[in-house]
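> Dropping a structure here in structure tokens format, bear with me for questions.
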Amino acid sequence: MATAEDHKSSGMGKDLVVYLCILALAAIQFVIAYQSISASQMFVRMLIVAIVEAALALLFFMHLKDNRGLLWFFVIFTGFVLLAMQYGWTDSFRLIDGVPWAK
Amino acid sequence: MSQADLSIQAHSIQAQVARSEATDVMTAPAFSVPAKKMAMWLFIIADTATFAGCLVAYGFIRNGTPDWPRPFHSITNVALMTFILLTSSLTMLIGVRAAQRGDKAGAFRWTMLTAVAGILFAALHIREWMGLIGEGATLFHNPWGTPLFGSAFFSITGLHLLHVTGGVIALIAVAIRYNGGRYKADDLEITGLYWHFVDMVWMFVVPMVYLLNLAH
């Protein structure tokens, strides 16, 4: 039968594994920075890696995996705010492309 | 007791149960999270929106500016900063686990080690800033083109540095009070939540602000 001490030590082991995964993902971001790809491709790849890193930190370091209600509360509120901020991108592309009405 | 009296009594009991359930819904801790911890989560959600706003605004101007500079030639400093900050999250976790085990000395030691890592991160960050300032980049000036670069870089990294500095002060204060018996393991865990959040923000700042502006 597993004791409380066993649980604590396995928890520590899990923390270490998650830490190493996050460290490896951070290293992948640095590798992506040296790839010969366009800035937009680089941005997308780095963003995906960053989201995975943040999800690991949220679920395991901040223990959101143990509280589904709070997890959904966090995801819905921040997700809504993040989505609401995306309305300006078309104008950003208009600035750089200058079409059809920027001139 | 008549049938009518029994019916009235049953209704009264039902009404009491309904009132009690309604009171529970209004007063019970949200998502079974203690009030102090919930306050920290609400702060984290609000601060996530703040950083997201900064990064989206930065993305907007970076995308919309044709001659955006790429002034970073080396990733050594930022890689070291990232390693230190990520490792400080692990030391924080170890500290919180020690506190939950009742190992006061261990919890104090690991939390202070986390604070030291935060100080080291801040020192490296300031060194990075000094290098750029030495090359002529300031909040309103950029020798490589658009001044928007200086504004975006210093404001985003500055906001993060402010959070790290606040976190270091909080870690030291909470660790000392925990060691003195005024705070409990829960207080250390709540401060740890903030520290992990600061770490999480850095995961987005590094690729967006540093790595996408690396000179090739």
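Laboratory data are not the source of any read-out in this text; all were calculated from the coordinates shown. Fair warning: this is a prediction, and the values are worked out from it, not measured in the lab. No Cβ is skipped: glycine too gets one built from the backbone with ideal geometry, and neighbour counts run over all protein chains shown.
> Calculate the all-directions average of the projected area of chain B's alpha-carbon convex hull, and give it in nm². Can you show the working numbers first?
On the way: hull surface 73.6 nm².
Directional mean of the projected Cα hull area for chain B stands at 18.4 nm².
> Of all the C-alpha pairs in region A:9-52, what % are more than 16 Å from each other? Could you put the intermediate results ahead of the total?
Values: 419 of 946 pairs.
Pairs farther apart than 16 Å: 44 percent.
> With +1 on the Cβ of every Lys and Arg and -1 on the Cβ of every Asp and Glu, and nothing else charged, how large is the dipole of the protein assembly as shown about its Cα centre, in debye rounded to the nearest 20? Present the calculation step by step, with values, prior to reporting the outcome.
Numbers: 20 positive and 19 negative charges, 68 e Å.
My answer is approximately 320 debye.
> Here's something else I'd like to know. Can you put B:Leu120, B:Leu93 in order, fewest other beta carbons within 10 Å first? Kindly include the intermediate steps, with their values, before the conclusion.
Values: B:Leu120 15, B:Leu93 27.
Taking fewest neighbouring Cβ atoms as first place, the list is B:Leu120, B:Leu93.
> Follow-up question, since we're still on this one. Say each of A:Leu83 and B:Asp103 gets a label point 7 Å from the Cα, pointing the same way as Cα to Cβ; how far apart are those two points in nm?
Rounded to a tenth, the inter-label distance reads 4.4 nm.
> Taking chain B as a Gaussian network, where each spring joins two C-alpha atoms under 10 Å apart, which residue of B:Ser151, B:Ser12, B:Ser89 fluctuates the most?
B:Ser12
> Pull up all non-local amide H partners of B:Phe72: gap of 5 or more, or a different chain, and H-to-H distance under 5 Å with H placed in the peptide plane.
The list, which skips near neighbours in sequence, is B:Ala215.
> Dividing the convex hull volume of the Cα atoms of the protein assembly as shown by its residue count, what figure in Å³ per residue is obtained? Intermediate values should be presented prior to the final figure.
Values: hull volume 64.9 nm³, N = 319.
Roughly 203 Å³ of hull volume per residue.
> What FRET efficiency do you get for B:Phe83 and B:Ala28 if R0 is 41 Å and r is their Cβ-Cβ distance, rounded to the nearest 0.05?
Working: r = 42 Å, r/R0 = 1.03.
Once rounded, the FRET efficiency stands at 0.45.
> Report the label-to-label distance for A:Lys65 and A:Ser40 in nanometres (one decimal), using points 7 Å from each Cα along the Cα→Cβ vector.
3.6
> Take the residue pairs B:Lys36/B:Lys184; B:Lys37/B:Lys184; A:Lys14/A:Lys65; A:Lys65/B:Lys104; A:Lys14/B:Lys37 and return only those whose Cα atoms are more than 21 Å apart.
Working: B:Lys36/B:Lys184 12 Å; B:Lys37/B:Lys184 13 Å; A:Lys14/A:Lys65 13 Å; A:Lys65/B:Lys104 27 Å; A:Lys14/B:Lys37 23 Å.
Cα-Cα > 21 Å for A:Lys65/B:Lys104; A:Lys14/B:Lys37; rest within.
> Return the calculated 222 nm mean residue ellipticity for the protein assembly as shown, to the nearest 500 deg cm²/dmol, obtained by summing -39500 (n - 2.57) across DSSP H runs with n ≥ 4 and dividing by the residue count.
Numbers: 10 runs with 239 residues, N = 319.
After summing the helix terms and dividing by residue count, I get -26500 deg cm²/dmol.
> Positive end of the dipole of chain B, charges at C-beta (+1 Lys, Arg; -1 Asp, Glu), about the Cα centre: which of B:Pro147, B:Leu171, B:Gly158 has its Cα farthest in that direction?
Of the listed residues, the answer is B:Leu171.
> Also: Name the residue farthest towards the positive end of the dipole of the protein assembly as shown from the options A:Met62, B:Thr191, B:Tyr58, assuming +1 on Cβ of Lys and Arg, -1 on Cβ of Asp and Glu, about the Cα centre.
Highest projection toward the positive end goes to B:Thr191.
> What does the structure give for A:56-62 when I average, per residue, the other chain Cβ atoms found within 10 Å of the residue Cβ? Spell out each step's value before the answer.
Numbers: counts 2, 7, 4, 0, 2, 12, 14.
Per residue, the number of nearby Cβ atoms from other chains is 6 on average.
> I want to check the label-to-label distance for B:Arg127 and B:Ala215. Put each point 7 Å from Cα in the C-beta direction and report it in nm to one decimal.
2.0
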